[in-house]
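Below: the structure, in structure tokens.
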Amino acid sequence: MVSGPTSSIRKDEGGMTAVIEFLSAFTLFLMILTAFLSLAQLEMGSNDTSVDRLDRSAAQGMDRLTSDGGWYVPVFEDGTYDYQNSTSQWHQKSLEELNSGVVMAGLIDGYSIDFDRVSALHNVTESSLLAGLGLSESFSLHLSIKITESDDSQRDGIVLFSGGTERGTASASSTAFKELQTGSEKVLIILEVHNGGRSTNNLIITEISPRSVSGAPEWIEMYNPNDFAIDLRGWSLSHISPNLNSNLLLTEGVVSGLSTIIMTGDPSSQDVGLADHVIDLGGEGFLGVGQLNLIDDGGGVVILSYTQLSEFQPFEVMRVEWGGDTGFFLTPSQSLEYLPPIFPPTQIDWQISSTPNPGIVNLV
């Protein structure tokens with residue numbers, strides 16, 4: 001009897017044929033699919049490495065902000081790190097210390113967000129936070145922290161911090177967010193990481209006194225409306241008048257977020273009011289004191305400009321003008337005061353004040 005083995009061989013040959021036909025058909029299908037995708041220029045998933053990098057950076061930045069309390073490491077003048085004096089209590093360091101060292105601004109104390117650390121973010125510049133989070137210096141960021149739920153109706157919806165580069169100025173962006181429970185409150189943290197973008201670190205000239213009373217210094221009052229601190233490097237002041245022109249490029253200094261600054265010809269005799277920062281421009285030869293008039297009493301223009309690191313030409317942020325056709329003719333002890341909210345202001349957004357209040361800003 002030979003029928004049994006012959007039948008088995010035929011079955012094996014039939015199965016092998018079916019497998020070969022299936023593989024051939026599947027291979028043909030893959031070839032057609034590949035050709036179709038190539039023709040239609042379709043992508044299965046993101047092949048844009050720059051977008052992937054932004055996504056990873058946003059996730060990494062959020063993780064570092066919310067994983068612990070952060071740290072601060074001082075830096076010696078030669079650029080080496082002073083690890084011996086490093087601390088996790090970065091929020092207790094001064095504005096000057098934070099911006100002369102390296103800070104990783106963690107916001108967590110235990111398992112809850114620390115509002116003292118959130119408040120201390122006003123002493124950190126955007127670039128310092130970016131570096132501390134380990135993100136590329138070619139990136140920029142925007143950070144927002146808001147109470148979304150609270151038993152206290154007066155705190156419900158409060159924005160604790162909102163600052164940095166706006167998304168619309170960048171070519172690409174990625175966002176990470178996290179909501180944390182802190183006691184009876186919920187706090188939402190949103191971190192946007194951008195590919196470049198123009199920094200929005202504006203300073204505002206709020207009042208200027210080119211014609212102070214006899215013996216008193218000339219002064220300029222400014223306000224930092226940003227939540228982040230601002231590095232003054234790259235900022236410049238120009239004075240143009242029929243009798244005198246002068247320019248000053250600021251090369252050092254940091255001002256905290258939401259702070260008032262008085263720039264004066266003589267800090268020792270200057271009425272600073274409630275100013276957070278006092279900067280001496282008398283030694284720089286830009287502002288005078290007493291009989292030394294370095295800003296023209298009769299008329300002139302003061303221009304505030306900023307030059308980004310990636311640019312060569314300064315960008316005019318705002319200007320203030322008096323005398324000439326402006327109608328603003330100041331007598332001794334009068335000042336010129338900015339009237340918000342239009343920014344940058346036009347000539348009609350200024351007024352003469354007979355009761356100058358250096359260091360007291362009203363932007364309502």
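The values are calculated or read from the model by the stated rules, or taken from the named source; none is laboratory data. Note that this is a predicted model, so its numbers are computed, not measured. Here Cβ is always computed from backbone atoms with ideal geometry, including for glycine, and neighbour counts include all displayed protein chains.
Things worth noting here:
- Scope region 100-123; condition crowded, with 20+ Cβ neighbours inside 10 Å and either among the polar types (S, T, N, Q) or under 18 Å from Asp63 (Cα atoms) (or both); matching residues: Val103, Met104, Ala105, Gly106, Leu107, Ile113, Arg117, Leu121, Asn123
- Consider region 242-270 and keep the residues that are of a type in the set (Gly, Ala, Ser) and assigned to a loop (DSSP other than H, G, I, E, B). The one that is nearest to the chain's Cα centre (by Cα) is Gly257.
- In the set Gly299, Gly288, Gly283, Gly323, only one residue is more than 30 Å from Arg117 (Cβ to Cβ), modelled with pLDDT under 95 and touching a helix residue (DSSP H, G or I) at 6+ places or on another chain (Cβ under 6 Å); that residue is Gly299.
- Tallying residues that are assigned to a loop (DSSP other than H, G, I, E, B) and within 18 Å of Val51 (Cβ to Cβ) within region 130-168 yields 4.
- Residues of region 309-338 classified as under 21 Å from His239 (Cα atoms) and assigned to a loop (DSSP other than H, G, I, E, B), total: 11
- Among the criteria (1) among the aliphatic types (A, V, I, L, M); (2) closer than 30 Å to Ile108 by Cβ; (3) at pLDDT below 95, the one Ala25 does not fulfil is (2).
- Taking the criterion of being farther than 20 Å from Tyr223 by Cβ and touching a residue at least 12 places away in the same chain (Cβ under 8 Å), the residues of region 315-328 that qualify are Gly323, Gly324, Thr326, Phe328.
- Sub-6 Å Cβ pairs linking a first residue in region 124-153 that is in the same structural domain as Ser100 (by TED's automatic domain parsing) and surrounded by fewer than 17 Cβ atoms within 10 Å (Cβ to Cβ) to a second residue that is small (Gly, Ala, Ser) and assigned to a loop (DSSP other than H, G, I, E, B), at least 6 apart or interchain, are Asp151/Ser184, ordered by first then second residue.
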